[in-house]
Every structure is written in structure tokens, then in C-alpha cells.
Amino acid sequence: MPSLKQLSHKEELLSRGHRLCPGCGASIIVRQVLLAADKPVVVACPTGCLEVATTIYPYTAWKVPWIHCAFENAAATLSGVETAYRAFKKQGKIKDDIRFIAFGGDGGTYDIGLQSLSGVLERGHRMLYICYDNEAYMNTGIQRSSASPMGAHTTTTPPGRAIPEGKTESRKDLTQIVAAHNIPYVAQASPAYHMDLIKKVQKALSVDGPSFINVLSPCPRGWRYPAEKSIEIAKLAVLTGFWPLYEIENGKYRITYKPKKKRPLREFLEAQGRFRHLLSEENQQVVARMEKEIESREKELLVRAGEGKEEKEK
Amino acid sequence: MAKIVAMTGDEIAAEAMRQINPDVVAAYPITPQTEIVQNFSQFVADGKVKTEMIRVESEHSAMSACIGAAAAGARAMTATCANGLALMWEVVYIAASYRLPIVMPVVNRALSGPINIHCDHSDSMGARDSGWIQLYSENCQEIYDNLIQAVKIGENRNVLLPVMICFDGFILSHATERVEVLEDEEVKNFIGEFKIEHSLLDLEHPVTYGPLDLFDYYFEHKRQQVEAMEQALPVIKQVGKEYEKLSGRGYGLVEKYNLEASDLVIIVAGSTAGTVKATIQELKEKGINVGLLKIRTFRPFPQDEIQEALRDKTCVAVMDRSASFGAVGGPIFLEVRSSLYEEKKKPLVVNYIYGLGGRETTIEHIKKVVNDLLMIKKTGKIENLVNYLGVRE
């Protein structure tokens, strides 16, 4: 495990000058992930903010080989690249050890790309899929995805007189869906806990099979907060239990970071414009539902990590 | 030395794929293409090919994986038909736009709905503007020959386009025919090695595939694609000639059959060309002469050859095994008719939509077309511009 100082001397593989917004979680995540890789990588992206903002022809911000095909097929496309690599390795035409990483947003991963991702996981391609989860379709202008949390104000779940709470449904637990494929490595991470993320990436790249890391990716435009607060908000998501950090290594769960003192969910909600309407009297029941859900998921996670008993005694 | 085998269209397509020996095959089963995937899977299981096979979860992923593999420098193949082709539509266009010479047998089958598993050309005709080269096959021999040539056509440096080898579902895919096959070594030498200019696996020269291409460059890239299609015309002819040297069977953009003997012409693509040939032979004995102009290459469209072949003809019947809803006739008809616009002396051209959803098209149907042509010649008048052959009105 390299130190932060050592990492800071490594060449950045996503160059500056790309057109992502200030404070965008995606570019921070990509840079952290690429710093963690100690083998050459080939990258694929589905359609999304990251793709359109880093490759406006005739420019590219990528210093590594990179492919975008369409919205729903980054996993399948990269599985083709990885298979070609395996074919050439067998034929003795390639000497290098190469790793394959896909970076997809929640739209391209939770929703339209889920089938393609599931196929890749089941077939066992050796590649790492990173979901930078900013909890809505940000590239098209903040529409709800199945990753949008309950209560979120998106442009397709606006709070109104008839539906005051915004998004009425809970988010999909993609990390658990991926884990159900019984792949060697699955994790949830956050750019606010960079050493935790880097460690997870290194583990993921070292397994001989598919791996997946779901990384919460704050979005100043979509979540409605000042750009400089991204990391602070990413941190709050973890400290409030909204986004637990854990990993599943060959089926074994481990919670990789436990806040010493849990902060109330309200702090995370109050920091973002997308939850502002939840502060009203009539929406207090939504906040209560959210808190209840977080609590029950936390309990489930503790049980899976073999710490459930302690939780019961409390 | 030519070897003679008896195989179905699907079996011979799989056999051609075995000899092509691609680096990567990504495929998904769909009737009546399934036997290609099954037979090829057996070749993989038996170690008869070097291919890494990806048994994907959909046709969309099949084409996506082929795109990834080809961009990494692999010779990549898949096969599909009908709804499978429709599902991969989006990425079919992307494969052509990224200039990746993927080769794909398309076992022609009617598009849903309602669902129908039998032959017509609505699937591949729908993809006619996707930027893929399209070759249509009359029989199992042509399926084999076209597949081998497709590799060399698509990978030509002036072309670099994907190629669909279309053949009629069930009529050819499930019919056993006599086919002459080449030796493995002959195929290997004929197609040579595939060397891509920009590989995703070239770490020294990192390439960005599929960037955001806006109003300032997209148009130029589309213009280049148009140019590549034009470049494909002489390449298809050249490869056809080279293949003749190897196999004794030559191929052009179109095939002329009894064309010199008559001023009446039937134009058709696919297995019905065989039915037309049989009808021509039968009518010849009765003193009636009709010519056949078979479309082998539909994309790029062989306008010059069509103009030249029809120059002194009086009546032409164009047969389309697909309907183009809302258009004035089927796609082959529209393109043939448009090709004749600049000609000083134009023949009278009529359209026959036939065989949709696998409706049988027999010698009797073709005779009806010939009778119509004789009547048009006699009266100088076209009664119905677009006709429906063998349908209950």
C-alpha cells in the first residue's frame, strides 16, 4: 500500500483541462482510482457526464487507451476488449499485463446498463467496474434514476402539491445485486476516504475475475450545494450512515470504516438543496422513513459482517 | 483441391467461420441463426479454433463485445437475424462508424410483430443505411464464398467497414446443399492477418475510441464513411476476382443470367434468384426469354452496373422481400428506379413485394411476373406500379 506522498508523485492519467464541473465527484474518483492502479489500464465509459466532458473531439483527457461505445454497454464493450487481450495473450502476441476498468454513472450502471453488467459478472471477465454514483441522470439535467434516494428532488421527481416528498421510492441497492453474482470482490467507497478507496481498488485489480466498486459521487449541480463542499458532503454521507463503506471479499463482508460517533441524517440532508423540501413539517414522515431504512440496512450489514450480535445487545 | 460437402446454410456458415478462425466470437442464439452459434461452440469446445468465445446475454452485448474486441485489434465475428439485429441496431451503426471490419452472417428473418420466425428481408433491409456492406447469397455455396470474401473486403485499408452476409432463413439456413469448400490453409492465406492501425491494447500509443463528436467534426467523419463505401465497390470486385483464381468461382457486384437473350428483366436478391433461374429455364423451352439481374451487393449500391445491365431493356420487374411502409415500393425497387433517372432511354419498371414472413414463392409466382412483363411490353403501360405476389387481397 503506497502512502499518499508516494501517490502524489505518480503521473495523473486523467489530464487537467477536461470540461467536468468544478467540484465534480467523478473526476476526483477517476484520478484516485487511476493512481491506485499499478499495472497499465484500458478504460471504458458509457455515455454520461464523464464521457462527454473528457473527450470532446479532437481533444481527449485520457492518457490511457479508452473507449466509449453507447450508454448501456460499457461492461459488454470492455468484455470484448478483455477477451481480445486474452486471445492475444494465448497467441503470444501480447507481453504486457493489462488491467481493464469501466467507469459508469448510476444511469449507465443501475438502470440501462444493468443487463450488460450482470452478463459480464456472470461470465467472469477479469475487469473492474467502478460506478460513480451521483444518484441521478446528471448529464441530461438531473432526472431520477433507480439510484436516486427517497425524497430527492430531481427534475422528474419535483416536489409538488400532490407529491410533496419528491422521489417516493427507495433507491435500488446495486451493491447487493452485484454481490449476488458471487464475484470475488465487491465494495462501496467514497472519494472522501481516499486511502480506503485506493486500497479497495488495489484489491479489486488483484483478483482474477470481475470486481465492482460503487463509489458515491457528489454532484454540486444536481445535489445543489457549493462546489467546494463536495468532499465534505461525501464525508457526511458516510458519517450519517447514508453511504456505509464496506467490502465483500470472496463472500466475506467487512465494514471498512465505522464512524466513532454517528451524525444525524438531517445534517446530510440540510447541506443539499435537493432535500430542502424535506425540512417542511409535512415531509417529516419522509425523513423518518429514510432514517428507518438506513437503520435497518445498517443492521443487515452488521449481521452480514458477523457483528450483528453486538448490535442486538445495544 | 476442392472438397465437396453436404451442409445446411447454417452449418456451412459455421464451417466458414472455423476456417476464418477469428480471435473473438460473441454471439447469442436466435432462430434460424442458432445452429451457427451451436456448431461454432462445438469447434471451440473441440479446440479446432483459436477463438475466444463470449456467450453474451443479448445481441446488443454481442455487437458491443465485437466492437470492443475489434477496437483491441481482434478479428471479431457474430451472427444474428431479425429481432436480434433490431436489438443491436444502435451498436450496428457504431461498429460501422468506428470503422471496425466485423463480419456478421445475417440469417434473413421477418421482423416482429407479430412474431414470425420465417424468411424475409425486413431485418437487413432495415439496416441498409447503417454503414455496413451487405452481400446477399443465393445458395449455400454463396454463403460460404461470401463469408470468406467478406473478411478481405471489410479489412481492406481503403474500406475498413463491417460486412453483413445475408442469407434466407430456413430456405437456406436449414436446407442441405452441395458445397465446395477450400482447404483451411487456402482460406488462411487468402484472408491474411488482420492488423489494426489503432489498437486499444497499444499502450505506447493510447487511443480514444468514440469521443464526443459535435457539429465541428461529425459531418466530416460521416463524409469519410460515405467515401469508404464508395471505395468498397472496386474492392468487392477485386476480391471477387482474386477469389475466382483461388476457387474457380468468381463474383461481381451483380450476377447476370440469360440477360443478353431478352429485353425483359427480373431483379432479385437472395435465394429467390434460384427460383427465377429455374423459371427462366422452363420458359426458355417454351420460347419465352427473360433475363435475371441478381443483386449480390446491395450496400454499396451498384448503380453503374445496374445502369449498364438495363441499358437496352424494355421492361424490368424488381422483386423485394420486404415492405417499406409508406414508401412507393420496396427498397430495391426504389434504388433501381432512381438509378435509371439519368438514363436517356428508360425501361418500364414495376415492383413486386413477395414472400413476407416466409410466404412461399414458387415458379408459378415468377411466371405470373413474366406474364405481367409481357403484357407491359405489349401495351407499353404499367397497370400497378407496386404489386403483391402471393398475398390474399
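The values are calculated or read from the model by the stated rules, or taken from the named source; none is laboratory data. As the structure is a computational prediction, the values presented were derived from the model and not from experiment. Ideal geometry is used to build each Cβ from the backbone, glycine not excepted, and the neighbour counts take in all protein chains shown.
Being crowded, with 21+ Cβ neighbours inside 10 Å, under 22 Å from B:Asp145 (Cα atoms) and within 14 Å of another protein chain (Cβ to nearest Cβ) is the filter here; which residues of the range B:27-61 pass it?
B:Ala27, B:Thr51
Tell me, which residue of the range A:3-37 that is surrounded by fewer than 18 Cβ atoms within 10 Å (Cβ to Cβ) and either aliphatic (A, V, I, L, M) or more than 23 Å from A:Ala192 (Cβ to Cβ) (or both) is farthest from the other protein chains (Cβ to nearest Cβ)?
Step by step, filter the range A:3-37, then rank; the result is A:Leu4.
Hey, any hits in the range B:351-372 for a residue that's surrounded by fewer than 14 Cβ atoms within 10 Å (Cβ to Cβ), part of a helix (DSSP H, G or I) and acidic (Asp, Glu)?
Within the range B:351-372 (the criterion being surrounded by fewer than 14 Cβ atoms within 10 Å (Cβ to Cβ), part of a helix (DSSP H, G or I) and acidic (Asp, Glu)), the answer is yes, since at least one residue qualifies.
With the requirement that a residue be out of contact with any helix residue (DSSP H, G or I) (no Cβ under 8 Å at 6 or more places or on another chain), of a type outside the set (A, V, I, L, M) and surrounded by fewer than 16 Cβ atoms within 10 Å (Cβ to Cβ), what does the range A:157-172 give you?
The answer is A:Pro158, A:Gly160, A:Arg161, A:Thr168, A:Glu169.
Residues to consider are B:Gly192, B:Gly210; find the one that is surrounded by 14 or more Cβ atoms within 10 Å (Cβ to Cβ) and either touching a strand residue (DSSP E or B) at 6+ places or on another chain (Cβ under 9 Å) or over 30 Å from B:Arg109 (Cβ atoms) (or both). Can you show your working first?
Working: B:Gly192 fails: surrounded by 14 or more Cβ atoms within 10 Å (Cβ to Cβ).
When all the criteria are applied, what remains is B:Gly210.
Please note which strands (runs of 3 or more DSSP E) are completely contained in the range B:205-320 and include at least 1 residues that are among the polar types (S, T, N, Q).
B:297-299
Residues are listed down the side, and each one gets a yes or a no for (1) under 30 Å from B:Gly131 (Cβ atoms); (2) within 22 Å of the chain's Cα centre (by Cα); (3) modelled with pLDDT of 95 or more:
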| residue | (1), (2), (3) |
| --- | --- |
| B:Gly274 | yes, yes, yes |
| B:Lys277 | no, yes, yes |
| B:Glu305 | yes, yes, yes |
| B:Gly329 | yes, yes, yes |
| B:Asn351 | yes, yes, yes |
| B:Arg359 | no, yes, yes |
| B:Lys367 | no, no, yes |
| B:Lys381 | no, no, yes |
| B:Val391 | no, no, yes |
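From the residues in the range B:159-189 that are in contact with a strand residue (DSSP E or B) (Cβ under 9 Å, 6 or more places away or on another chain) and surrounded by fewer than 14 Cβ atoms within 10 Å (Cβ to Cβ), which one is nearest to B:Val92 (Cα to Cα)?
Taking the candidates together, the pick is B:Thr176.
Within the range A:218-262, track down each residue that is surrounded by fewer than 17 Cβ atoms within 10 Å (Cβ to Cβ) and of a type in the set (Asp, Glu).
Hits for the range A:218-262 are A:Glu228, A:Glu232, A:Glu249.
A quick yes/no check of all residues on (1) over 22 Å from the mean Cα position of the chain (by Cα); (2) away from chain A (no Cβ under 14 Å):
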position	(1), (2)
B:Leu200	yes, no
B:Pro206	yes, no
B:Gln225	no, yes
B:Pro234	no, yes
B:Glu244	no, yes
B:Ser262	yes, yes
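Among the listed residues A:Ile233, A:Ile198, which satisfies the condition of being touching a Pro at 6+ places or on another chain (Cβ under 7 Å), among the hydrophobic types (A, V, I, L, M, F, W, C) and assigned to a helix (DSSP H, G or I)?
So the residue among A:Ile233, A:Ile198 that is touching a Pro at 6+ places or on another chain (Cβ under 7 Å), among the hydrophobic types (A, V, I, L, M, F, W, C) and assigned to a helix (DSSP H, G or I) is A:Ile233.
From the list B:Ile288, B:Ile306, pick out the single residue that is surrounded by fewer than 18 Cβ atoms within 10 Å (Cβ to Cβ) and farther than 19 Å from B:Gln141 by Cβ.
After applying the criteria, what remains is B:Ile288.
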